[in-house]
Amino acid sequence: MQIADLGDVQLHYRIDGPDDGAPLVFANSLGTDLRLWDEVLPLLPQGLRIIRYDKRGHGLSSCPPAPYTMGALVSDAERLLDHLKLRDCLFVGLSIGGMIAQGLAAKRLDLVRALVLSNTGAKIGTREMWAERIAAVEANGIEALADPVMERWFSASFRATPELALWRNMLVRQPAAGYAGCSAAIAGTDFYTTTAALRLPVLGIAGSADGSTPPDLVRETVDLVPGSKFHLMRGVGHLPCVENPRDYAQVLSDFLRETGHI
């Protein structure tokens with residue numbers, strides 16, 4: 001396990017693959033840690049340098065007092081990549097990770113050469129909706145939201161499997177302050193104008209059964225960037241890399257080849 005001490009926050013990260021490999025960075029969704037990508041990584045082309053990290057308030061990273069801003073989350077990613085001396089990454093962000101990806105590409109194009117915006121949006125939900133969730137977590141913990149979150153995250157068929165318990169456990173074991181802090185960051189983010197100014201290769205991935213960021217939201221977001229591509233995965237929800245890692249890895253691998261990253 002490795003920790004990057006960035007002063008105000010300590011980020012847990014992991015690197016797999018050779019030192020000279022093309023850098024591929026993954027940013028997770030709200031309520032998950034870097035294990036989100038475990039089933040995808042073995043299915044990707046060999047030779048990549050794969051970087052995963054736990055955002056602040058999640059996993060094994062430190063949990064500064066809430067609330068957080070999206071600017072802080074983007075800065076965390078920026079400082080981590082600078083710490084690792086990485087440039088020209090292909091950055092894969094899912095949900096809030098996709099918002100971080102959009103903000104990072106707008107701020108530091110030297111760090112990001114292409115984006116995968118998975119199950120995300122330029123704006124997700126409303127301030128009122130997030131305020132209600134934050135209040136619920138602060139009053140009763142993440143457990144109070146866990147079952148509705150599972151319904152939004154996963155298709156009905158996946159929710160009928162024993163594996164659902166693993167993801168529910170991961171969710172409820174995140175620090176409540178981290179969940180609330182990142183929820184506040186999402187609530188305050190509207191990247192429509194920012195993302196519309198981006199000029200780099202972008203792939204959007206959506207799940208047909210996604211109850212958190214429906215396909216139309218993902219498509220609307222990636223369509224802001226000229227020349228972007230969109231892929232709909234059928235029968236999966238908000239975390240398609242969990243429900244169907246093989247197809248997810250194939251879509252990602254195709255994009256890596258199209259952009260000349262491998």
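Anyone know which of LYS123, LYS85, LYS55 comes out most mobile in the 10 Å Cα GNM of the chain?
Result: LYS85 has the largest fluctuation of those listed.
Could you identify which residue out of GLY93, GLY103, GLY227 has the top mean-square fluctuation in a GNM of the chain using Cα springs shorter than 10 Å?
GLY227
Per the Kirkwood formula on distinct C-alpha pairs, the Rh of the chain is how many angstrom? Walk me through the intermediate numbers first.
Details: mean 1/r = 0.0555 Å⁻¹.
With all distinct Cα pairs of the chain included, I get 18.0 Å.
Would you calculate, for the chain, the mean residue ellipticity at 222 nm contributed by helices, counting each DSSP H stretch of 4 or more residues as -39,500 (n - 2.57) and dividing by all residues, to the nearest 500?
Values: 11 runs with 107 residues, N = 262.
Taken over the chain, the calculation gives -12000 deg cm²/dmol.
Excluding GLN2 itself, calculate the net charge of residues whose Cβ lies under 12 Å from the Cβ of GLN2, where each Lys or Arg counts +1 and each Asp or Glu counts -1. Provide the component values of the computation, followed by the final result.
Numbers: positive: ARG14, ARG52; negative: ASP5, ASP16, ASP54.
In short, -1.
Taking the alpha-carbon distance from LYS229 and a cut-off under 27 Å, which lysines remain once sequence neighbours fewer than 8 residues away in the same chain are dropped?
Candidates past the 8-residue exclusion: LYS55, LYS107, LYS123.
Considering the chain as a Gaussian network with a 10 Å cut-off on Cα pairs, which listed residue, PHE26, PHE91, PHE191, attains the greatest mean-square fluctuation?
Largest GNM mean-square fluctuation: PHE191.
Provide MET129, MET170 in ascending order of the number of other Cβ atoms located within 10 Å of each residue's Cβ, fewest first.
Numbers: MET129 13, MET170 16.
In increasing order of surrounding Cβ atoms, one gets MET129, MET170.
By its C-alpha gyration tensor, with a ≥ b ≥ c as the square roots of the eigenvalues, how is segment 150-262 shaped: rounded for a/c under 1.5, else prolate for a/b larger than b/c, else oblate?
Details: a/c = 1.99, a/b = 1.28, b/c = 1.56.
Oblate.
Within a Cβ distance under 13 Å of CYS63, other residues only, what is the Lys/Arg minus Asp/Glu net charge? Write down the numbers at each step before the final one.
Working: positive: LYS55, ARG56, ARG173; negative: ASP8, ASP33, ASP54, ASP76.
In short, -1.
So, with +1 on the Cβ of K and R and -1 on the Cβ of D and E, and no other charges, what is the size of the charge dipole of the chain about its Cα centre, to the nearest 20 debye? Before the final figure, lay out the partial values.
Values: 25 positive and 30 negative charges, 60 e Å.
The dipole magnitude comes to about 280 debye.
Values quoted throughout were computed directly from the atomic coordinates according to the rules given, and no laboratory measurement underlies them. Being a predicted model, the structure only gives us computed values, none of them experimental. All Cβ positions, even for glycine, are placed from backbone atoms using ideal geometry, and neighbour counts span all protein chains on display.
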